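Have a look at the structure below, then the notes.
None of the figures in this text is laboratory data; all of them are computed from the coordinates on show. Here the structure is a predicted model, which means the values were calculated and not measured. Quick reminder, even Gly has a Cβ in these numbers, built from the backbone with ideal geometry, and neighbours come from all protein chains shown.
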Amino acid sequence: MDGGIAVLGQVAFWGLYSGCIYILLATGLNLIFGVMKVVNFAHGEFLMLGTYITFFFFVISGFNPYLLLFLSIPILIGAGIIVERLCFRPILGTGKLNEIFISLGLIYIFQNGVAMVFTDEWRSMKSPFADLTIGIGPIQLPLDYIIIVVITAIILVGLSVFLDRTTTGKAIRASSQNRKGAMLMGINVERMDMLTFGIGAGLAGAAGTLWAVSGQVFNPYMGSVPAIKGFAIIILGGLGSIPGAIIGGLAIGMVENFTAFFLGGSWKDAISFILLIVVLLVRPTGLFGEAGE
Amino acid sequence: MNLAQVRTPKNLLAAAILILALALPFLVGQNLYLLTVLVLMLIFIIYSSAWNFLTFSGQGSLGHAAFLGLGGYAASLATVRLGLPPLLTLVLGGLFSAFIGILIGITCVRLREWFLAMVTFGFAVIIQTLVVSQLAPVTGGWDGFAVQKIVPTTIPGYLVLEYYVVFLIAVLVLVLFYLLLRSRIGLALAAIRENETEARAAGINPVPFKLFAFGLSAFVSGIAGGLEIFHFGYITPEIFGIDLSFWPIIYSITGGLGTLAGPVIGTIVVTLLWDGLNVLGLTYGRFIIIGVLLVLIIIFLPRGLVSLPEEIGKKWGRKGK
């Protein structure tokens with residue numbers, strides 16, 4: 001019996017860990033959606049870029065991979081700003097389907113650009129703490145997973161302080177609440193668009209580093225499904241609501257890992273979409289979504 | 001309708017393309033590679049036209065491979081297990097696909113763009129999971145199973161015959177869509193697409209029309225799926241892949257969204273570009289080129305290649321002044 005509880009605890013902790021990756025993706029998507037009302041389906045490609053940046057610099061420098069967060073986040077912020085300026089700004093307000101279509105083009109460009117450099121084989125890397133575990137009661141937790149949960153929490157707290165306390169953060173929130181009003185108050189909303197897109201991409205880059213550090217395998221095509229799940233999460237949690245993204249991310253992480261445990265690994269991806277379809281059947285605007293935009 | 005109306009440049013162009021398409025196998029001769037490219041091109045014209053038909057009703061799908069695959073599996077299972085001829089099971093596959101399509105449509109009619117995109121994408125993932133796990137005893141799981149070809153390979157020049165069979169079906173599908181869009185149904189779909197609330201006010205109930213568009217799109221996609229499987233002679237769950245959901249979107253946007261000719265032109269141009277780049281040895285590079293092309297077209301030519309002559313005309317006219 002004791003063993004059973006230990007296994008369930010282990011599965012729950014895996015859920016918490018994979019939830020962290022989803023939370024970072026979903027929070028970024030949600031910020032971008034809040035300000036620009038745009039859905040970037042190529043968001044997972046930022047995650048993928050994050051894993052490869054971490055992998056590349058880990059191999060050539062041998063630094064502690066957690067330190068590489070300070071590299072992957074800024075690079076991805078830059079990439080996000082460039083993508084916003086070149087691809088999303090010209091189509092802003094031209095129709096909701098265009099942004100989905102332009103993301104498809106970006107997905108092809110990023111995936112195969114990386115595949116050209118690194119080939120498309122599956123890769124993985126080993127964290128320096130890979131063999132360390134910490135025992136809590138009957139459960140043995142890998143140290144890496146604990147660090148990842150803590151780092152995610154730090155990033156989220158940092159983000160919320162930034163949004164609540166700084167002038168720029170307040171300007172982002174204002175643009176998200178009322179674009180026209182923000183414009184009238186002298187906020188350069190287009191700059192906020194760029195910045196928000198950059199922050200969203202940076203969060204995805206952080207998720208990418210954490211993904212690589214945890215020893216999960218990755219290849220250039222790995223990003224699409226986590227990103228679309230991230231979008232499923234913000235539909236579940238309500239478009240534009242950050243606490244909703246956190247709760248939704250944790251819920252999907254848990255549900256996935258328990259389903260994989262009970263039904264077999266092949267159901268891991270399908271279950272989050274089954275959940276999404278069931279929720280949308282009952283509430284077409286999502287669990288906490290509002291009736292309007 | 002008098003002759004002057006029939007002889008518009010558009011119709012003449014269509015007739016020329018039709019005659020060229022009929023004569024192509026003779027021009028290509030015995031080059032099996034080119035014939036295969038042409039057959040696949042026709043199958044994808046059918047498939048992207050089906051995807052594009054859905055957009056006429058203001059709906060969109062990111063997971064149309066689900067219907068391609070459902071049609072393919074239903075048709076090939078009926079052929080292998082029941083011994084029915086492929087031409088009959090093609091229709092059965094289409095009907096099965098349409099049935100599931102309407103069920104999905106019922107959940108989707110109330111949803112907005114992104115939500116619809118998510119549900120259709122998720123549905124393709126769910127179906128693929130079912131096929132490789134719980135349904136594996138019937139479907140052969142990831143390994144798939146072999147099926148006969150649409151025209152038995154024992155007949156000499158079977159690929160040419162196959163070309164004409166697929167060509168006939170493609171023409172029938174396009175004519176069907178053409179007639180539908182000119183009918184009252186087409187008008188109702190346009191009204192719903194432009195403004196659903198106003199369409200309701202005009203006395204159009206959007207639900208049956210949206211379901212009809214979903215069902216017909218799934219039916220034709222299912223037929224395209226069956227054709228693809230009977231062309232390759234083998235089916236695997238890869239038919240539900242994300243790539244196969246994205247191709248019809250890329251073809252339709254490149255050619256011109258919401259036009260009948262768009263998916264046809266888009267499929268031809270992108271397929272030729274694709275295979276041409278492959279010959280040049282650009283395995284990954286061609287994806288990047290297609291991606292860049294897609295982004296450029298959305299930003300600078302939002303109505304696709306179909307509108308290119310018109311846009312060029314505009315530019316020239318402006319310069320003339």
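Projecting the Cα positions of B:S221, B:I288, B:I298 onto the charge dipole of segment B:198-321 (unit charges on Cβ atoms of Lys, Arg, Asp and Glu, taken about the Cα centre) puts B:I298 furthest along the positive direction. Exposed loop sites here mean chymotrypsin sites (Phe, Trp or Tyr not before Pro) with a DSSP loop assignment and at most 15 other beta-carbon atoms within 10 Å; chain A contains its longest site-free run at A:123-293.
With respect to chain A, whose longest principal axis is taken over its alpha-carbon atoms, helix A:242-263 is tilted by about 40°. Over the residues of the protein assembly as shown, the helix contribution to mean residue ellipticity at 222 nm works out to -25000 deg cm²/dmol, using -39500 (n - 2.57) for each DSSP H run of at least 4.
Oblate is the label for segment A:6-88, because the ratio a/c of its alpha-carbon gyration tensor axes (a ≥ b ≥ c) is 1.5 or higher and a/b is not greater than b/c. Across segment B:3-320, the convex hull enclosing all Cα atoms gives 171 Å³ per residue. Against the main long axis of the alpha-carbon atoms of chain A, helix A:143-165 sits at an angle near 20°. Across chain B, the mean sequence separation of Cα contacts (distance under 8 Å, 6 or more residues apart), normalised by length, yields a relative contact order of 29 percent. Taking the C-alpha atoms only, the angle from helix A:2-36 to the longest principal axis of chain A is near 10 degrees. A simple count of charges around A:F262, restricted to other residues whose Cβ falls under 13 Å of its Cβ and scoring Lys, Arg +1 and Asp, Glu -1, yields 0. Take the alpha-carbon centre of segment B:248-291, take the same for segment B:119-143, and report the distance between them in whole Å. Segment B:248-291 and segment B:119-143 have Cα centres spaced 28 Å from each other. Overall, the protein assembly as shown carries a charge dipole of about 1840 debye about its Cα centre when +1 sits on the Cβ of Lys and Arg and -1 on the Cβ of Asp and Glu, all other atoms neutral. Charge dipole (Cα centre; +1 on Lys/Arg Cβ, -1 on Asp/Glu Cβ; no other charges) of chain B amounts to roughly 1040 debye. When the chymotrypsin sites (Phe, Trp or Tyr not before Pro) in segment B:157-195 are filtered for DSSP coil states and for at most 13 other beta-carbon atoms within 10 Å of their beta-carbon, no site remains. Net charge of the neighbourhood of A:Q216, taken over other residues with C-beta under 12 Å away and scored Lys/Arg +1, Asp/Glu -1, is +1.
GNM remark for chain B: springs join alpha carbons under 10 Å apart, and the peak mean-square fluctuation among B:W142, B:W114, B:W247 falls on B:W114.
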